[in-house]
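Heads up, the thing below is written out as structure tokens.
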Amino acid sequence: MSRTQVTQRSFFNDHTRLLGLAFPMILANITTPLLGLVDTAVLGHMSLPAMLAGASVGALILTQIYWVCGFLRMSSTGLSAQAKGSPNNTLESAKVLWQTVVVALVLGASVLALQSPILSIGLALTQPNSDVALHLQNYFSTRVWGAPAAMLNLALVGWLVGQQKTRSVMAIQIVGNLLNAALDVAFVFGLGLSVAGVALASVTAEYTMAIMALVVAVKRVGGLAVSTSWFNRAARKVLMKLNGDMLLRNLALQGCLAFLTIQGARYGETSAAVNAILMQFFVLIALGLDGIAYGVEALVGEAKGASDSSEVKRRTYQGLVWSSVFALIYSLIFFAGGEAIITLLTEHGDIVDAALPYLGLMVLLPLLAHWCFLYDGVFVGLTRASAMRNTMILSALAVYFPVWYLTQDLGNVSLWYALLAFLLARGVTLAWSFHRLDKRGELAASQS
């Protein structure tokens, strides 16, 4: 075999490793919204619309909590990937596994302990009528018991991604979602459990996925051996700092997205509906770009665990190539089929007419946003959570809100100008932070 052929084969194998990690996560991501459709369809066929409304709001309350706690998934991935790349990888991987499992169980138990005030706050914020509130409480009081499993799933999915077991994650997600869908039908139409049946189906699926993921993880580290030194004061301090920075980062992002929803509603019913439609474009690009980011998280983290800064850079730029490719494909799809996507999402002509002028921004969306998706993955792999926190807060306070304030006279479109500027700013500031770490020779350095 010639040198050119060897080089080409090495290049192909190298890139397929990244894509081999990314595509299972893309497929796993796709199953989640499909599950939401099943839940909605089952609830939508119940006798009272208030059942659908109550369950939807109840699910939203818990989903927001789980989304904010997504820092657990991110920190788990970075630490797990670095452990995999370290010389003593099995022991280090087991250490990370049990540390994140304990944190997850503490968070899950906290949600259970605080369920009454959480529900009260949710009711106060949403102010549903009495019928909706009744079904909301019925759904929430059942679904909340899945909190420990939901938190455990965040930790275990992150750990498995860091160990590059994305095919296992995909299989677990698909099994869990199919089980949820089947139990929806069985509990609601077979046993007549109504709204509580939908919640119970989700709880059962969450615990099933957690058990499956734990079995895979334990097999990966070779057993259940645990050392008390993994939970000493120094270890707790590192975990609290990492997860705390990730939490603040998530809260800042959630604040920007919540502002878009709330302010859009203030612009009127049509604007609120348009924003709900347009956010689906954001969900679509996340399916692919998150998949690439997951692969980059695992490979960059592994390189850092091996203290190989040149490999960190190589994996980062390799991820940037594929992130750019996906972004370009998305833009072409939105350019050619954006109107078809909008009409697929709503049959109301006035909402379609109001949404069509935004298509140009949707074409730009993946081109401007893919940088932040990619570099988020890089910094998760590096476990540089403070940089993620600082760039997120800076982009929110110095870009998102100022851009909206300066363009607010334009109405609802100002929110999308602000969001696109915010996403681009996040990518630019993270890229700048990466460049600074590279210049100082700290890409693979240990953090104090």
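The values are calculated or read from the model by the stated rules, or taken from the named source; none is laboratory data. These figures come from a predicted structure and were not determined experimentally. Cβ placement follows ideal geometry from the backbone for every residue including glycine, while neighbour counts extend to all protein chains displayed. Each accessible area value is taken on the protein alone, full model and side chains, heavy atoms only, with ligands, DNA and RNA left out. Shrake-Rupley method; radii C 1.70, N 1.55, O 1.52, S 1.80 Å.
When the test is whether a residue is loosely packed, with under 11 Cβ neighbours inside 10 Å and of a type in the set (Ser, Thr, Tyr), THR204 does not pass it. Those helices (runs of 4 or more DSSP H) of segment 362-448 in which 1 or more residues are within 28 Å of MET240 (Cα to Cα) occupy 385-395, 413-439. Screening ALA396 against (1) open to solvent by 10 Å² or more (accessible area, probe 1.4 Å); (2) more than 25 Å from LEU359 (Cβ to Cβ) leaves a single unmet condition, (1). Scanning segment 255-266 for any residue that is β-branched (Val, Ile, Thr) and without any contact (Cβ under 8 Å) to a residue 24 or more places away in the chain turns up at least one such residue.
Scanning segment 350-386 for residues that are open to solvent by less than 40 Å² (accessible area, probe 1.4 Å) and farther than 29 Å from VAL296 by Cα yields ILE351, VAL352, ALA354, ALA355, TYR358, LEU359. Checking each residue in segment 198-211 for being of a type in the set (A, V, I, L, M) and over 11 Å from VAL157 (Cβ atoms) picks out VAL198, ALA199, LEU200, ALA201, VAL203, ALA205, ILE211. Can you give me the number of residues within segment 236-260 that are surrounded by fewer than 14 Cβ atoms within 10 Å (Cβ to Cβ) and farther than 13 Å from ALA385 by Cβ? Of the residues in that region, 2 qualify. Looking across segment 171-201, the residues that are open to solvent by 40 Å² or more (accessible area, probe 1.4 Å), hydrophobic (A, V, I, L, M, F, W, C) and either in a helix (DSSP H, G or I) or under 22 Å from ARG73 (Cα atoms) (or both) come down to ALA171, ILE174, VAL175, LEU178, LEU179, ALA182, VAL185, ALA186, PHE189, LEU200.
Do we have any residue at all in segment 155-162 that's open to solvent by 10 Å² or more (accessible area, probe 1.4 Å) and either outside any helix (DSSP H, G or I) or charged (D, E, K, R) (or both)? Can you show your working first?
First, the residues of segment 155-162 that are open to solvent by 10 Å² or more (accessible area, probe 1.4 Å): 157.
Subsequent filtering for residues that are either outside any helix (DSSP H, G or I) or charged (D, E, K, R) (or both) retains none.
Among the residues of segment 155-162, not one is open to solvent by 10 Å² or more (accessible area, probe 1.4 Å) and either outside any helix (DSSP H, G or I) or charged (D, E, K, R) (or both), which makes the answer no.
All of SER307, SER331, SER323 fail the test of being outside any helix (DSSP H, G or I) and either under 13 Å from GLY377 (Cα atoms) or not charged (D, E, K, R) (or both), apart from SER307.
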